[in-house]
Amino acid sequence: MNKFLELSVMGVFAVAAGASAAKPESAEKPWIVDRFDDIKVIRYEVPGFESLPLREKELIYYLSEAAKCGRDILFDQNFKYNLVIRHTLERIYNDTDDRDSADFKALEKYLKKMWFANGIHHHYSNDKFRPEFAEKWLREQIDRYVYSDDLDIPVDFLCAILYDPDMYPSRLNQTAGADVILTSANNYYEGVDQQQVEEFYARMAEQHKDDKEPISYGLNSKLMADEEGNVVERVWRVGGMYSPAIEKIVYWLDKAAEVAEPVQRRTIEALAKYYRTGDLNDFDAYNILWVKDLESNVDFVNGFIEDYGDPLGRKASWEANVNFRDEQACRRTEIISANAQWFEDNSPVDPAYKKKTVKGVSAKVITVAMLGGDCYPATPIGINLPNADWIRKEYGSKSVTIDNITYAYDKAAHGNGFTEEFVLRREDRERMDKYGKLADDLHTDLHECLGHGSGQLAPGTKGTELRTYTSTLEEARADLFGLYYLGDEKLVELGLIPSLDVAWAQYADYIMNGMMTQLSRIEPGKNVEESHMRNRKLIAEWCYEKGRDDNVIEWVVDNGKRYIVVNDFRRLRELFGELLREVQRIKSEGDYEAGKQLVERYAVAVDADLHDEVLRRYRALNIEPYGGFVNPEYRLVYDPTGTKVVDVEISYPADYVQQMLGYGREYSLLPNLN
Ligand code: ZN
């Protein structure tokens, strides 16, 4: 599962201090390399790559090549005619001499959007893009620059796809009552309707109902009607559908296996075997090896993994990433976990509801070295795999957070005007600037490694008593645990933070977000629904009310704008402790009424005036809601004889268009139609 951890999308957290090494390069090069429509493209850096052993650098190189070879597969999966459209438009973009016209500029924008979405439908909303270049212009360009032999579909049809809003309007339609197969433009099914698909897989499930290790039926194939009208699967494997691209992936995996250590070699070989056979039993065998390998420094994802793009949640899109351990960040979570018992013993929670023995979870933090397929350019910032339930139950799963990506997001958000707009006091802005990311990372670590695992239920409590309030209160409990300890001298003592200023940066931001700025993500007229957002509002509003007599948190109006400020951080920390004690009591005793009171009173209702003001001020900042990345580039360096690899060089291109055109040249492994 891709874990879209709650990012501070608004860019509250700016520059990290002491986090993963900022490179000298960063000073000059901008982090945002392109912006268009609702999208910004950011570059990310790979700190620590240069100091990896040569073997690991080589391994990353080969796995990265494998990660780039599946790009066309995803384009084709997203929509049957994506590749022919991309090939045609790229040809015109490269060859035309009409480069100054408005039509050309519009073509460039359309291509940028298409590259970003890996197709002609928006990556998030799934709606088809509307070209802003004239159809007449396009037809002229095709006449001049595209050989009809290269087109494979009639020009009229191609234009209809692009310009007729009623054709293939959505990549993924999940409207209740509709035939979601016939009305979704993705290329996972063809010539079959929803009922046929459901019957096909119901039969398959029936045949295999006694399997103890159930494979994920249909995960790696297109389901379609053949010439006789039989419903058949076309499997994505060597010799099957997408073979030319998969052969290349396997070629690079074989190279990777040669330089991998034995344990990892077996994992990579198992993946290559699965690509050759297309047998999902082989995929499971690979997943088991992969999930058991916790030792290898370099790790990767490569395959048909996530099924979000299929309205029936069966077919998986192709994705890849290559990564290695972020030692510095992993040390952080190890220190926290090693001290788990101390944190439990010293928490403000009623001793009856503390765990006698508690074990922290140490989360793995990784540095990504390459993104591919459905992880590129838009990528999750956390990953939890494999997806097969029986493997998760039997062998567990690997859960990682990707530090250099969140770092790049933060860098890119710096200077977007957000803190200037919403943070009143300069000292708060400076603390957020300096410590924002470290504070955010540590809060997440404390939340994940300790918060959720702390505390215990009273005898007789089942844990289901809080019903619909369960997840909001659970998130509040974990957040409060993190907030409370972020402001503890113990963290300075453990060397996790240089001073409590880190905590004050987080406190100021947390309260502002909970009471105010997170409203920018809610539509006018709506209340707070999502449980993480409710949890933040609950904590902030409760502390505001309880600290009102001492003016701990204060609304200030300045120049006609509203600001929320924290006047007393130490007192606020005590309030976090008091609320933690109460929320833990509610959970431990299963006190539904008290839980309901808390949530309904503090976490739900939105002040319409304030909401309106936040939306207005946020919109004026023109911050693009979606972000994605350009990849670094790697180059093998040979010895003078040209036979032996002596190093792998990394560089950071900062041109989105050039990277996409380059990928189009070097990794165009599939024909127009597959
Ligand atoms: Zn949580």
For residue 622 and residue 281, what is the calculated FRET efficiency with R₀ set at 41 Å and r taken between the beta-carbons, to the nearest 0.05? 0.20
Subtracting the Cα-Cα distance from 0.36 nm times the residue separation, let me have the gained length for residue 231 to residue 352 in nm, one decimal. 37.5 nm
Of 36-47, 442-453, 60-71, 212-223, ordering from highest average Cβ density within 10 Å down gives 60-71, 442-453, 36-47, 212-223
Solvent-accessible heavy-atom area per residue, rounded to whole Å², over the chain at 1.4 Å: 42
With axes computed from alpha carbons, what is the tilt in degrees of helix 403-413 against the longest principal axis of the chain, rounded to the nearest 10 within 0 to 90? 80
Extension gain from residue 341 to residue 293, taking 0.36 nm per residue of separation minus the Cα-Cα distance: 14.5 nm
Computing the accessible area with a 1.4 Å probe over protein heavy atoms, can you report the carbon and sulfur percentage for the chain? 47
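Does region 292-436 come out rounded, prolate or oblate, given a ≥ b ≥ c as the square roots of the eigenvalues of its C-alpha gyration tensor, rounded meaning a/c under 1.5 and, failing that, prolate meaning a/b above b/c?
Values: a/c = 1.92, a/b = 1.12, b/c = 1.71.
In terms of gyration-tensor shape, oblate.
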Output the 0 to 90 degree angle, nearest 10, between the alpha-carbon long axis of helix 280-292 and the longest principal axis computed from the alpha carbons of the chain. 40
Between residue 493 and residue 327, how high is the FRET efficiency from 1/(1 + (r/R0)^6) when r is the Cβ-Cβ distance and R₀ = 30 Å? Nearest 0.05. 0.90
Could you go through region 68-75 in sequence order and give the Karplus-derived ³J(HN,Hα) for each residue, using 6.51 cos²θ - 1.76 cosθ + 1.60 with θ = phi - 60°, rounded to whole Hz, and x for Gly and Pro? 8, 6, x, 4, 5, 4, 5, 3
Grab the Cα-Cα distance for residue 641 and residue 195, subtract it from 0.36 nm times how many residues apart they are, and report the gain in nm with one decimal. 154.4 nm
Taking a ≥ b ≥ c as the square roots of the Cα gyration tensor eigenvalues, with a/c under 1.5 meaning rounded and otherwise prolate when a/b beats b/c, else oblate, which class fits region 152-199? oblate
Probe 1.4 Å, all chains present, heavy atoms only: residue 129 accessible area in Å², nearest 10, is 20
Helix 194-207: angle to the longest alpha-carbon principal axis of the chain, degrees 0 to 90, nearest 10? 80
Could you bin all the Cα-Cα distances of region 82-237 into 5 Å bins starting at 0 and give me the percent of pairs in each, rounded to whole numbers? 1, 8, 14, 17, 16, 13, 10, 8, 6, 3, 2, 1, 0
Note on the chain: contact order normalised by length, alpha-carbon pairs under 8 Å, 6 or more apart, percent, works out to 21
Got a sec? Which residues in region 130-151 would a label at residue 38 touch, if it sits 7 Å along Cα→Cβ and we count backbone N under 15 Å? 130
Just list whichever of 109/248; 411/526; 80/112; 411/561; 209/393 have alpha carbons separated by over 22 Å in the model shown. 109/248; 411/526; 411/561
Rounded to the nearest whole Å³, what is the per residue volume of the convex hull around the Cα atoms of region 494-615? 130
What ranking, highest mean first, results for peptides 508-516, 340-348, 457-465, 661-669 when packing means the other Cβ atoms within 10 Å averaged over each residue? 508-516, 340-348, 661-669, 457-465
Per-residue ³J(HN,Hα) for region 139-152, Karplus 6.51 cos²θ - 1.76 cosθ + 1.60, θ = phi - 60°, Hz, x for Gly and Pro: 4, 4, 5, 4, 3, 7, 10, 10, 5, 4, 4, 7, 8, 6
Beyond 38 Å, how much of the Cα-Cα pair distribution for the chain remains, as a whole percent? 41
Distance in nm between label sites at residue 661 and residue 207, each 7 Å beyond Cα in the beta-carbon direction? 4.9
Most packed first (mean Cβ within 10 Å per residue), the peptides 473-483, 235-245 order as 473-483, 235-245
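The values are calculated or read from the model by the stated rules, or taken from the named source; none is laboratory data. All values derive from a computational prediction rather than experimental measurement. No Cβ is skipped: glycine too gets one built from the backbone with ideal geometry, and neighbour counts run over all protein chains shown. The protein model used for the area step is the full one, side chains on, heavy atoms only, and it has no ligands, DNA or RNA in it. Shrake-Rupley method; radii C 1.70, N 1.55, O 1.52, S 1.80 Å.
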